[in-house]
Amino acid sequence: MSIEKKVSLGLTQFIKYTLKGSGAQANMVRQIKYQDEYHPAFDYWKTLRDGIIKYHSENHDTDYLYELINSVDLKKQENYRNAIKEYLKFFKKKEVVWFDPGKAHWSINDVLIRSSPELGLIIDGQPYLIKLYFAGKKEKIDKRICKDSLTLMQNSIFDKTIEDTVKFGIFNIQKSKLIVNDNFNEDDLIALEAQAVQFMYIWNKI
């Protein structure tokens, strides 16, 4: 099946799917399949996501992020303020250099997952490709739970050369935690492929 005809979803959607227990995964797939067409106005974290990218890529000071709070609806402002505080806490006293993360995807059979990381950062000399995750305030997000998604990132096809020294991470902004898994093996890839096949099985049933 060509890429154009594959079922396409974002990495954040796939992360949310893998976080669910087997009984809740069908409902998660249903939400993804029948959701309304994406519109920026309904993307709760878009302003902060884009702002974090510019904060690093354009080398702004921290005031730039806090100024974003005034540009969002009053109902969002407290959540934005807390998220920015947690984000900046992680980088305190760290040396950080931006690099272009490029675009990426991973696919198997009939499903394609858009896996482009938002950030390419060299943190204290170590390069990382990082996916920002905003929904981890109440959910349990740890290395074990994120293994499938981290494996997916590592095995993605990028539009640019990725150095062997790069580590892949998911940044849980709500907990100021960068989750990285260095111990990938063939079993991890098999488990990832099984998750994707199961996703498509549910997709075709509902």
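The values are calculated or read from the model by the stated rules, or taken from the named source; none is laboratory data. Computed from a predicted structure; not experimentally measured. Virtual Cβ from ideal backbone geometry, glycine too; neighbours counted across all protein chains shown. In case anyone asks, the SASA skips ligands and DNA or RNA and just uses the protein heavy atoms, side chains included. Shrake-Rupley method; radii C 1.70, N 1.55, O 1.52, S 1.80 Å.
Taken over the stretch 173-191, the criterion of being surrounded by 17 or more Cβ atoms within 10 Å (Cβ to Cβ) and of a type in the set (Asp, Glu) is satisfied by ASP188 alone.
Residue check: is ALA135 at negative phi and under 16 Å from the mean Cα position of the chain (by Cα)? Here the answer is yes, as ALA135 does meet what is asked. Note on the stretch 40-71: among residues that are open to solvent by 40 Å² or more (accessible area, probe 1.4 Å) and among the aliphatic types (A, V, I, L, M), the one that is modelled with the lowest pLDDT is ALA41. Within the stretch 103-138, being modelled with pLDDT of 95 or more, assigned to a loop (DSSP other than H, G, I, E, B) and out of contact with any Leu (no Cβ under 7 Å at 6 or more places or on another chain) holds for LYS103, SER116, ASP124, GLY125. Can you name every residue in the stretch 118-127 that is out of contact with any helix residue (DSSP H, G or I) (no Cβ under 7 Å at 6 or more places or on another chain) and buried (at least 20 other Cβ atoms within 10 Å of the Cβ)? Within the stretch 118-127, GLY120 is the sole residue that qualifies. Figure legend. Inter-residue proximity from the stretch 11-35: first residues under 17 Å from GLU139 (Cα atoms) and part of a helix (DSSP H, G or I), second residues aromatic (Phe, Trp, Tyr) and open to solvent by less than 40 Å² (accessible area, probe 1.4 Å), beta-carbon distance below 7 Å, spacing 6+ or different chains. Indicated pairs: THR12/TYR133; ILE15/TYR133; TYR17/PHE199; GLN25/TYR17; MET28/TYR17.
Residue-by-condition table, conditions (1) in contact with a Phe, Trp or Tyr (Cβ under 9 Å, 6 or more places away or on another chain); (2) among the hydroxyl-bearing types (Ser, Thr, Tyr):
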position: ASN82; (1), (2): no, no
position: GLY120; (1), (2): yes, no
position: TYR128; (1), (2): yes, yes
position: ASP142; (1), (2): no, no
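Residues in the stretch 174-206 that are within 16 Å of ALA24 (Cα to Cα) and of a type in the set (A, V, I, L, M, F, W, C) were compared, and the one that is modelled with the lowest pLDDT is ILE206. Select from the stretch 150-172 the residues that are assigned to a helix (DSSP H, G or I) and polar (S, T, N, Q) and write down the one among them that is surrounded by the fewest Cβ atoms within 10 Å (Cβ to Cβ). By that ranking, first place goes to GLN154. For the stretch 75-109, a residue qualifies if it is exposed (fewer than 15 other Cβ atoms within 10 Å of the Cβ), of a type outside the set (A, V, I, L, M) and closer than 26 Å to GLN154 by Cα, and the qualifying residues are LYS94, GLU95, ASP100, LYS103, ASN109.
Listed here are the residues, each with its yes/no results for (1) surrounded by 15 or more Cβ atoms within 10 Å (Cβ to Cβ); (2) in contact with a Lys or Arg (Cβ under 7 Å, 6 or more places away or on another chain); (3) over 26 Å from VAL197 (Cα atoms).
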site	(1), (2), (3)
ASP73	no, no, yes
SER115	yes, no, no
ILE130	yes, no, no
ARG144	no, no, no
ASP148	yes, no, no
